[in-house]
Amino acid sequence: MTDIDPGNDLWERFISGSSSAFSELYDAYTDVLYKFGMRYSADSDLVKDCIHDLFIDLHSYRGSLAKEVNVKFYLLKSFRRKLHAAHRKSSLLNFNSWQAEETFGINAFAFSAEHEMIVDEKQREMLDHLALEINQLPERQREILYLRFNQDLDYEEIASMMQISVPTCRTFIYRALKQLRGKLEFSSIALFLYWV
């Protein structure tokens with residue numbers, strides 16, 4: 001497992017009853033949760049509702065929450081369950097994970113704004129090609145790549161979140177990277193993928 005999240009001090013203050021820590025926690029993680037949720041659903045209101053429901057539950061049960069957690073992982077995992085529960089109720093949840101979101105102005109596989117500013121036209125074309133190839137991977141591979149490389153979760157956390165074994169998680173990532181290397185064989189992106 002990864003080291004304890006830097007938000008752990010904030011988390012401890014929150015579960016000890018600090019209302020300011022609750023607000024700070026909400027402010028610190030809502031954007032992450034929203035972007036994560038929009039990869040599962042095109043329904044922005046549903047995603048926002050699930051975020052609010054999650055924080056209401058956290059506030060209600062804060063006295064019984066564990067003190068030592070990886071806050072980001074805990075919130076993502078809890079939020080993912082909320083989204084799946086909402087899906088069962090509404091049947092609106094679709095994993096459109098790597099499709100472009102107008103709200104954020106990003107390509108399907110999200111490259112940060114910093115990447116966008118520093119890359120030249122040739123690099124931008126290569127990143128667009130990589131995003132296109134990622135979009136063609138099976139859904140579970142796309143989701144695992146997103147959790148691993150966009151959310152920096154480790155294999156154990158991803159396996160727990162997706163309810164699969166760690167070896168299965170590693171296999172999904174290995175196969176996804178192998179497939180991407182094969183399709184991008186002659187580009188400099190393929191050289192990068194060999195080192196991942």
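What follows is calculated from the coordinates using simple rules that are stated; it is not laboratory data. Because the structure is a prediction, the values reported are computed rather than measured. Cβ coordinates were reconstructed from backbone atoms using ideal geometry, including for glycine residues, and neighbour counts include every protein chain displayed.
At-a-glance table
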| read-out | value |
| --- | --- |
| Extended-chain gain in nm, criterion 0.36 nm per residue less alpha-carbon gap, Gln163 and Arg81 | 28.4 nm |
| Highest average packing first - 58-68, 16-26, Cβ atoms within 10 Å | 16-26, 58-68 |
